[in-house]
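Undergrad: Structure in structure tokens, see below.
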């Protein structure tokens, strides 16, 4: 992260990352497919948390409420890492390649949530719409959370953003 901040993503090499971390390049590649993945290392854990929370939610819970519980759980998981997340987001925002990778990761999260909702018996297109809406709430809440002027905690922002979504869709 420090190298990306100092030199920019495009100007940082795997060799420099490995050297700064006290590793060989070979060891780096045992952990990461490429230098982009350093910034997306927690994506699998986040997906597991979201999917497992939705899957384990009571059957009586509406689909969007189950996704809401998953979003709050994600907020609690990430909540202690605001400074890191701000730094990471600044690096991603400065690179079209990383912004594209971020969108791909968000699409993967949405697909995994939709699959989980379908396994819970939510029909299409409801499962896909709910998953996409949940990821939109996640993205908006996260952007609000990393904003320097924001003091709210991420789980609260997840809940608040979901409330805003419900309000705008209720008026439709």
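Values in this text are rule-based calculations from the coordinates and carry no lab data. From a predicted model like this one, the values you see are computed outputs, not experimental measurements. Cβ coordinates were reconstructed from backbone atoms using ideal geometry, including for glycine residues, and neighbour counts include every protein chain displayed.
Undergrad: Translational D (Stokes-Einstein, µm²/s) of the stretch 83-130 at 10 °C and 1.306 mPa s when Rh comes from the Kirkwood sum over C-alpha pairs?
TA: Numbers: Rh = 12.2 Å.
Once the numbers are plugged in, D ends up at 130 µm²/s.
Undergrad: Once the cut-off is 28 Å, how many percent of the Cα-Cα pairs in the chain end up in the long-distance tail?
TA: Working: 4304 of 14706 pairs.
For the chain, the share of Cα pairs beyond 28 Å comes to 29 percent.
Undergrad: Looking at the chain as a GNM with Cα springs under 10 Å, which of 102, 25, 132 has the largest mean-square fluctuation?
TA: Looking only at 102, 25, 132, the biggest GNM fluctuation is shown by 25.
Undergrad: How high is the relative contact order of the stretch 5-71? Use alpha-carbon pairs under 8 Å, at least six apart in sequence, and give a whole percent.
TA: 21
Undergrad: At residue 11 and residue 164, where each label point lies 7 Å from the Cα along Cα→Cβ, what is the point-to-point distance in nanometres?
TA: It works out to 3.5 nm between the two label points.
Undergrad: Pick from 130, 12, 27: which is most flexible by mean-square fluctuation in a GNM of the chain where alpha carbon atoms under 10 Å apart are linked?
TA: 27
Undergrad: Percent relative contact order of the stretch 42-170, based on C-alpha pairs within less than 8 angstrom and at least six residues apart?
TA: Working: 121 pairs, mean separation 42.3, N = 129.
33 percent.
Undergrad: Quick one: among 42, 79, 68, which has the greatest mean-square fluctuation in a GNM of the chain with alpha-carbon springs under 10 angstrom?
TA: Between 42, 79, 68, it is 42 that shows the largest mean-square fluctuation.
Undergrad: Return the calculated 222 nm mean residue ellipticity for the chain, to the nearest 500 deg cm²/dmol, obtained by summing -39500 (n - 2.57) across DSSP H runs with n ≥ 4 and dividing by the residue count. Mind dumping the intermediate values first?
TA: Numbers: 9 runs with 125 residues, N = 172.
Calculated mean residue ellipticity at 222 nm is -23500 deg cm²/dmol.
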